[in-house]
Amino acid sequence: MAMEKTKTSDGKDHSREWMESAACANRDIDPRLFYPSSGERESKVRSRDAKAVCDQCSVRRQCLELAVQMDDAHGVWGGLNARERRRLTNEEPFTNLAA
Ligand code: SF4
């Protein structure tokens, strides 16, 4: 299997091979869940549903690490929305995250 490499703002290469194990890669999962953008009520429901998928994901930690490294300001990554990720990185060292 070819391993995709990407450089992030920290200058390191990060393998994305783990994405093949992502729960959201299941074709039955609507990818729009992870980028809720419509009305407030629907957005909360989608965000909750996306987080439920993340709760079952075996690569949640890798996903969250990548989102923090990329400083992605949108969407649910690793079970957290952008506001939650900002709070997390501002309040505690990222290395202390639970898997
Ligand atoms: S943690 Fe969530 S967004 Fe990240 S790969 Fe897993 S299911 Fe997808």
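The values are calculated or read from the model by the stated rules, or taken from the named source; none is laboratory data. Here the structure is a predicted model, which is why all the values come from computation and not from measurement. Here the Cβ positions follow ideal geometry from the backbone for every residue, glycine too, while neighbour counts run over all protein chains shown.
Contact annotation: residue pairs with Cβ atoms under 7 Å, 6 or more positions apart or on different chains, pairing a residue in region 52-73 that is free of Cβ contacts under 8 Å to residues at least 24 places away in the same chain with a partner that is in a loop (DSSP other than H, G, I, E, B), are A67/G78.
For the structure I just gave you, tell me whether A52 is modelled with pLDDT of 95 or more, among the aliphatic types (A, V, I, L, M), near the ligand (Cβ under 8 Å from one of its atoms) and out of contact with any His (no Cβ under 8 Å at 6 or more places or on another chain). Here the answer is no, as A52 does not meet what is asked. Taking L33 as the residue in question, decide whether it is modelled with pLDDT of 90 or more, in contact with a strand residue (DSSP E or B) (Cβ under 7 Å, 6 or more places away or on another chain) and surrounded by 12 or more Cβ atoms within 10 Å (Cβ to Cβ). Against the criterion (modelled with pLDDT of 90 or more, in contact with a strand residue (DSSP E or B) (Cβ under 7 Å, 6 or more places away or on another chain) and surrounded by 12 or more Cβ atoms within 10 Å (Cβ to Cβ)), L33 does not qualify. Under the condition of being more than 14 Å from V59 (Cβ to Cβ) and either out of contact with any Leu (no Cβ under 9 Å at 6 or more places or on another chain) or modelled with pLDDT of 90 or more (or both), the residues counted in region 5-28 number 9.
Of all the numbered requirements in (1) modelled with pLDDT of 85 or more; (2) exposed (fewer than 11 other Cβ atoms within 10 Å of the Cβ), P93 misses one, and that requirement is (1). When region 26-48 is limited to residues that are within 11 Å of the ligand (Cβ to nearest atom) and farther than 21 Å from S15 by Cα, the one that is farthest from the chain's Cα centre (by Cα) turns out to be I29. In a residue-by-residue description of region 60-79, the property of being of a type in the set (S, T, N, Q) and within 12 Å of the ligand (Cβ to nearest atom) applies to at least one position.
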